[in-house]
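Quick notes on the structure that follows.
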Amino acid sequence: MTPDWVDVRIPAEVDSGELLGLLGDPLVQGAWEDQGTTHLYWSRQHWNGDQLAQVRAALNQLDPSGLSSGAVQVGDLPHQDWNRQWALSVKPLRVGRRLVIRPSWETASSLPGDIDIILDPKQAFGTGHHATTRMLLEWLEELIRGGERVLDVGSGSGILAMAALRLGARSAVGVEIDPVAVDCARECAGQNAFGAELELICGTLSDVAMENRPDLVVANIDRQTLLLLADELAAYGVAGSRLFFSGLLVEQVEEVMARYASLGLYPVHRREQEGWVALELGRSEPCEGLE
């Protein structure tokens with residue numbers, strides 16, 4: 001039987017988040033570090049061998065000496081081992097003041113007012129551990145006052161939409177093109193007892209039919225997708241929705257923001273963690289420096 005997953009092993013500790021950003025490949029299913037080795041995973045059906053050259057090129061940007069890229073190995077991984085690797089890597093995580101994200105088999109100490117979200121690691125991004133997700137979760141905790149409508153673009157595991165609801169949003173819609181991610185998100189929504197207030201759509205932005213304009217639009221997606229969806233996302237901002245983007249490396253911000261500026265939207269707030277940037281966009285250029 002053909003193995004389910006391709007495991008690309010890099011015998012070095014590299015910043016897996018930065019590596020994923022440099023790859024810019026929506027088909028890579030995750031990165032995991034273990035005892036000095038960094039692993040990247042692709043499903044067998046999406047692996048054609050070209051990705052290996054892309055991995056080496058990205059590693060050469062991170063490590064110009066070439067030591068990391070020269071020792072990359074490619075192996076096979078059965079489906080059950082994939083799940084075990086993820087399970088070992090994910091522990092309860094506190095984000096911001098109140099959000100606690102944990103797999104179902106772990107318990108976490110809770111404080112008064114804590115908001116608990118169960119999220120088992122599967123073939124979908126968004127466990128909250130990555131800086132791009134954390135920044136938007138922290139922002140949502142500050143923004144949600146109660147009764148908001150939220151649109152999560154590229155929702156992956158659905159963590160942002162679910163967190164928004166737990167924080168008090170009235171409704172949330174998550175849209176995602178990957179059917180595997182949507183299936184995982186729907187299973188997670190059931191584990192957390194969400195109902196009709198959470199809608200998870202497998203499709204594109206054109207498939208989103210909301211009677212009322214969302215108050216908040218969050219998008220934790222890569223540079224290429226932010227550029228591809230610029231017209232559709234900007235339309236929400238021009239109509240009055242508050243837009244919050246994450247998933248950009250520092251050096252990618254200027255190009256993406258130039259595209260949105262041409263559509264009448266400008267960065268009004270900026271956050272940065274571990275080389276990644278999150279931005280709020282608005283219809284007016286800020287008078288002073290970004291906060």
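Residues that are open to solvent by 40 Å² or more (accessible area, probe 1.4 Å) and either in contact with a helix residue (DSSP H, G or I) (Cβ under 9 Å, 6 or more places away or on another chain) or part of a loop (DSSP other than H, G, I, E, B) (or both) were ranked within segment 175-187; the one that is farthest from LEU119 (Cα to Cα) is ILE177. Restricting segment 226-246 to residues that are touching a strand residue (DSSP E or B) at 6+ places or on another chain (Cβ under 8 Å) and open to solvent by 10 Å² or more (accessible area, probe 1.4 Å), the residue that is nearest to ASP178 (Cα to Cα) is LEU229. Whenever a residue of segment 191-206 is within 16 Å of GLU176 (Cβ to Cβ) and touching a residue at least 40 places away in the same chain (Cβ under 8 Å), its partners that are open to solvent by less than 20 Å² (accessible area, probe 1.4 Å) and assigned to a loop (DSSP other than H, G, I, E, B), lying with C-beta atoms within less than 8 angstrom and at least six residues away or across chains, give the pairs LEU198/GLY158; LEU200/SER155; LEU200/GLY158. In the set THR132, THR127, only one residue is at pLDDT below 90 and in a loop (DSSP other than H, G, I, E, B); that residue is THR127. Restricted to segment 247-262, and to residues there that are out of contact with any Lys or Arg (no Cβ under 8 Å at 6 or more places or on another chain), open to solvent by 50 Å² or more (accessible area, probe 1.4 Å) and in contact (Cβ under 8 Å) with a residue 12 or more places away in the chain, the residue that is farthest from PRO214 (Cα to Cα) is VAL250. Looking across segment 188-220, the residues that are assigned to a helix (DSSP H, G or I) and within 18 Å of the chain's Cα centre (by Cα) come down to CYS188, ALA189, LEU205.
Residues that are part of a loop (DSSP other than H, G, I, E, B) and either among the β-branched types (Val, Ile, Thr) or buried (at least 18 other Cβ atoms within 10 Å of the Cβ) (or both) within segment 263-283 comprise just one, LEU265. Considering the conditions (1) more than 18 Å from the chain's Cα centre (by Cα); (2) outside any strand (DSSP E or B), THR225 is excluded by exactly one of them, (1).
Within the set ALA31, ALA58, ALA12, the sole residue that is within 23 Å of ALA131 (Cβ to Cβ), part of a strand (DSSP E or B), at pLDDT 70 or above and among the small types (Gly, Ala, Ser) turns out to be ALA31.
Looking across segment 148-170, the residues that are at pLDDT 95 or above and more than 20 Å from GLY96 (Cβ to Cβ) come down to ARG149, LEU151, VAL153, ARG170. One residue alone among LEU205, LEU200 is out of contact with any His (no Cβ under 6 Å at 6 or more places or on another chain), open to solvent by less than 50 Å² (accessible area, probe 1.4 Å) and at pLDDT below 95, and that residue is LEU205.
The values are calculated or read from the model by the stated rules, or taken from the named source; none is laboratory data. Source: prediction; values computed, not measured. Glycine gets a Cβ as well: all are built from the backbone with ideal geometry, and neighbour counts include every protein chain shown. Quick note on the areas: whole protein, heavy atoms, side chains included, nothing else; ligands and nucleic acids left out. Shrake-Rupley method; radii C 1.70, N 1.55, O 1.52, S 1.80 Å.
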